[in-house]
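Where a number appears in this text, it was derived from the coordinates with a stated rule and is not lab data. Note that the structure is a prediction, hence the values are computed from the model and not measured. Here the Cβ is made from the backbone with ideal geometry for all residues, glycine too, and neighbour counts use every protein chain on show.
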4 protein chains.
Amino acid sequence: MGDTMDGTKHQRRGNTRQRIQDVALKLFAEQGYEKTSLREIAEHLDVTKAALYYHFKTKEEIIVSLFEDLTQPIEDLIEWGRSQPHTLETKQEIVRRYSAALAGAQPLFRFMQENQATVRELRIGDTFKERMKGLKEIIIDPEAEMVDQVRSISALFTLHAGMFVLADLEGDPEKKREAVLEVAVDLVTQAHEGARGRR
Amino acid sequence: MGDTMDGTKHQRRGNTRQRIQDVALKLFAEQGYEKTSLREIAEHLDVTKAALYYHFKTKEEIIVSLFEDLTQPIEDLIEWGRSQPHTLETKQEIVRRYSAALAGAQPLFRFMQENQATVRELRIGDTFKERMKGLKEIIIDPEAEMVDQVRSISALFTLHAGMFVLADLEGDPEKKREAVLEVAVDLVTQAHEGARGRR
Amino acid sequence: MGDTMDGTKHQRRGNTRQRIQDVALKLFAEQGYEKTSLREIAEHLDVTKAALYYHFKTKEEIIVSLFEDLTQPIEDLIEWGRSQPHTLETKQEIVRRYSAALAGAQPLFRFMQENQATVRELRIGDTFKERMKGLKEIIIDPEAEMVDQVRSISALFTLHAGMFVLADLEGDPEKKREAVLEVAVDLVTQAHEGARGRR
Amino acid sequence: MGDTMDGTKHQRRGNTRQRIQDVALKLFAEQGYEKTSLREIAEHLDVTKAALYYHFKTKEEIIVSLFEDLTQPIEDLIEWGRSQPHTLETKQEIVRRYSAALAGAQPLFRFMQENQATVRELRIGDTFKERMKGLKEIIIDPEAEMVDQVRSISALFTLHAGMFVLADLEGDPEKKREAVLEVAVDLVTQAHEGARGRR
DNA sequence: TATGAATGAGCTTTCATTCAT
DNA sequence: GATGAATGAAAGCTCATTCAT
């Protein structure tokens, strides 16, 4: 198998790992992590379960690898954010970049959003939490009023929710993303100015 | 069995159904639906698995029953909303009442939020979706600009997120709830006036 | 419950035992013994499982009671047969009476025929076997040629099979029964004369 | 595991599927389908239940596979029968071949005979019924008198019953089989000539 | 790089049965 | 004459994982 000269079948030239990740992410996002079995993934790829174990030591490692491969941009974003001054412009830029980062790994974030209970028990849970904390730190002014802190967090959540909930809403997807972004930027701006305004 | 005078053990006088619901909800919210086995629930209650089946026909029915018992207030809210004029005051009141309703069934909503992938496959999935649609309809002005529609949805999601994400944030819980509510009311107000203001 | 003066509901005046037997036999015959649960029987009667246990000590006892109540005619037939001379007329009469007896307890015999593997393990298994042995003894001449012994047994089995297999065959039921009877009588006659003829 | 040189244990070289079928058929025939659990089969083979599921998707598939593997001769017989003229010789030959076919798959047919209620609910039920219909069609003259139709069916049933009921009867097995066959051939002959004779 | 064969643990569910009321 | 509540045992089945080849 996989050894035909013409390569009609099984032309996988070492990209199996990739294909596993792709299929797994798709299924995890659609059905949830626990409801997706390795058998199912294997069948979709027309390989055996054992083959998956050649590429990944456990089921968990598949989702971990996806997480690590796809969330680098967010890690980068946080690092960038930390080096910037806490100005309004910075915060707005962070929101913009975060929106772009989310859009770039939609299925993963959909998965994370819809399987929080599961994620919490997985190894990625803590990493994710820390990342969220990092984001908060660079966007929230710890001395601001509670309302404004909530506003900042709300900005982030608006971006998250925007990705999935708005799927039901009619309208051009690109326009929707822009609208979501505008609201988020707005929130972060109000948070920033509120803090300043009330001084 | 069930014969001790002090009633310490086995004082189950017909409250077993309730106790099952309580424990199940707690565990479902903590660990997720699939990761919570009936064995685990039964052990927590010191009964056998079979006893669960005396009270509920399936595992799914447990969560369904919780859903039906606990979401009545929201159904009522939607019905009330439909009968009101689409004024700003109404929308604000809806947000306030929704906040209260969420607070009244925290664990269930935490479960729903954190197990969306699971819920979607369960029988409650559709009901929940429709309920959300109902909420949107009474809070969103379909002729408003996209940004304002997003703002309205963001208000709802701020309430949702507020319940759980803010747990990490330090501060008095009651104060936090008020802050969240204020932001949500703000958003819905902006949505309403934006629509009006730009006319 | 069951105590209303008008008796609209639960007018069962002590005939519950009967009703259990009726429903049980119907279900056992339709679905088999193992596939029929006490829950199912109870639901058909609109009583609880526990009620069945008031009338019968075990599930097995239900089928045993049916067997005992319904196979008396065959026991009688055998006793009668034993007291008769082993003439052709006797044998023919036995076949005729056996046919009538089978017709009188169709569902039970259908059950016995279609659940032999089960029956064998039940308490009635041995009783049934002995009854069959009794029948054979009064219809088979132990000194006859093997072929003629087979013919006698075949006569009995033709009657058995006739009851169920012929259901598929088109034609008036009464006519079919007569035809079956004729073939059986024929077989037993040939068996008797063959034995005699070859002497 | 599976590494001993002498191969006493775990010499399973791919014959496990076969061994499962063998043991399963034996137990199904002895105790009935429902009373035979997969645990029991697995224990007899000294493997785990899960191993059975590697080879068969469900319990039902085990019996289905047996049916498909073992009833080919009968299917062939029916096909052959259809291509032959409806002469007496053909019918007699069919009876003879059917007798041989039954003898070749005794345990399966014993199972089918003794678990009819179960078989009816299984996937093989319909196939079996059709096969029986096929047999009837090539052996019964639809224009013959009812008695003669019954005689033909009786021939088939004599063969069936012969296999099991006669186990109790003393005498050389081979002789018994011959006797049964003779009676069956006789019946089919009478059926054929009766039809002819009464014209 | 993969497969074939298997395992051990665990799952949801069903069943016959019991017993205090 | 019956119910409500529960049990212990077992069933069929699925899953992540292993390992020799």
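Observations
- Other residues within the sphere of radius under 9 Å centred on the Cβ of A:GLN190, judged by their own Cβ, net out at -3 (K and R +1, D and E -1).
- Simple label model, 7 Å out from Cα along Cβ direction - C:SER37 to A:LYS133, nm: 5.0
- Only helices enter this figure: runs of n ≥ 4 DSSP H residues, each worth -39500 (n - 2.57), summed and divided by the residues of chain A, yield -24000 deg cm²/dmol at 222 nm to the nearest 500.
- Residues whose placed amide H lies under 5 Å from that of C:ALA144, excluding near-sequence neighbours: none
- A simple count of charges around C:ALA29, restricted to other residues whose Cβ falls under 14 Å of its Cβ and scoring Lys, Arg +1 and Asp, Glu -1, yields -2.
- The 3J(HN,Hα) values that the Karplus relation (6.51, -1.76, 1.60; θ = phi - 60°) gives for the range C:82-94 are, in residue order, 4, 7, 9, x, 7, 8, 4, 4, 4, 4, 4, 5, 4 Hz. Gly and Pro appear as x.
- Magnitude of the charge dipole for the protein assembly as shown, about its Cα centre and with charges confined to Cβ atoms of Lys, Arg (+1) and Asp, Glu (-1), is about 480 debye.
- Reduced Cα scattering model of chain A, Debye log10 I(q)/I(0), q = 0.10, 0.12, 0.18 Å⁻¹: -0.52, -0.70, -1.20
- GluC sites (Glu not before Pro) lying in DSSP loop within the range B:83-179, provided at most 15 other Cβ fall within 10 Å: B:GLU143, B:GLU145, B:GLU170
- For the peptides B:82-88, B:153-159, A:47-53, the ranking by packing is B:153-159, A:47-53, B:82-88, with the highest mean count of neighbouring Cβ atoms within 10 Å listed first.
- Copy-to-copy label separations for B:GLU145, where each label sits 7 Å from Cα toward Cβ, in nm and ascending: 2.5, 9.9, 10.8
- At 7 Å out from Cα toward Cβ: C:GLN18 inter-copy label distances (nm, ascending): 4.5, 6.0, 7.9
- Rounded to the nearest 10 degrees, the inclination of helix D:124-139 to the longest alpha-carbon principal axis of chain D is 30 degrees.
- If you plug the beta carbon distance of D:HIS55 and D:ARG123 into 1/(1 + (r/R0)^6) with R0 = 22 Å, you get a FRET efficiency near 0.80.
- Per-residue shielding of A:106-114, expressed as the average number of other chain Cβ atoms within 10 Å of the residue Cβ, stands at 2.
- Here the mean projected area of the convex hull built on the C-alpha positions of the range B:51-154 is 7.5 nm².
- Two-site FRET efficiency, C:LEU88 against D:ASP172, from Cβ-Cβ distance with R₀ of 25 Å, rounded to 0.05: 0.35
- Among residues of chain D, the one whose Cβ lies closest to the rotation axis carrying chain D onto chain A, together with that distance rounded to whole Å, is D:ALA50, 3.
- Each copy carries a label point for C:GLN72 at 7 Å from Cα along the beta-carbon vector; from one copy to the others these points are 5.5, 5.7, 8.9 nm apart, nearest first.
- Against the empirical curve 2.2 N^0.38 Å, the C-alpha radius of gyration of the protein assembly as shown lands at a ratio of 1.38.
- Here's the picture: charge each Lys and Arg Cβ at +1 and each Asp and Glu Cβ at -1 in the range A:59-197, and of A:ILE139, A:PHE128, A:ILE78 the one pushed furthest to the positive end of that dipole is A:PHE128.
- For B:ILE124, net neighbour charge (Lys/Arg +1, Asp/Glu -1) across residues whose Cβ lies under 14 Å away: -3
- Within the range C:121-167, the trypsin sites (Lys or Arg not before Pro) that combine a DSSP coil assignment with at most 14 other C-beta atoms in a 10 angstrom radius are C:ARG123.
- Ignoring lysines fewer than eight residues from C:LYS136 along the same chain, the ones with Cα atoms less than 25 angstrom from its Cα are C:LYS91, C:LYS176, D:LYS175, D:LYS176.
- Phi-based couplings in Hz for the range A:35-52 (Karplus 6.51, -1.76, 1.60; Gly and Pro marked x): 7, 9, 9, 5, 4, 4, 4, 4, 4, 4, 9, 6, 10, 8, 4, 4, 4, 4
- Placing a label point 7 Å from the Cα of C:ASP69 along the Cα-to-Cβ direction, the residues of the range C:95-117 with a backbone N closer than 19 Å are C:101-113.
- Value of relative contact order over chain B, rounded to a whole percent, pairs C-alpha under 8 Å and six or more apart: 21
- Each residue of the range D:60-66 is assigned a 3J(HN,Hα), and the resulting list reads 4, 5, 5, 5, 4, 4, 5 Hz, derived from the Karplus form 6.51 cos²θ - 1.76 cosθ + 1.60 (θ = phi - 60°), x at Gly and Pro.
- Think of each Lys and Arg Cβ as +1 and each Asp and Glu Cβ as -1; about the Cα centre, that makes the dipole of the range C:38-160 roughly 220 debye.
- Take each residue in B:155-164, count the other chain C-beta atoms within 10 Å of its C-beta, and the mean is 4.
- The angle between the Cα long axis of helix B:173-197 and the main principal axis of chain B comes to about 40°, on a 0 to 90 degree scale.
- Distance from the Cα centroid of the range B:31-72 to that of the range D:128-199 is 58 Å (rounded to whole angstrom).
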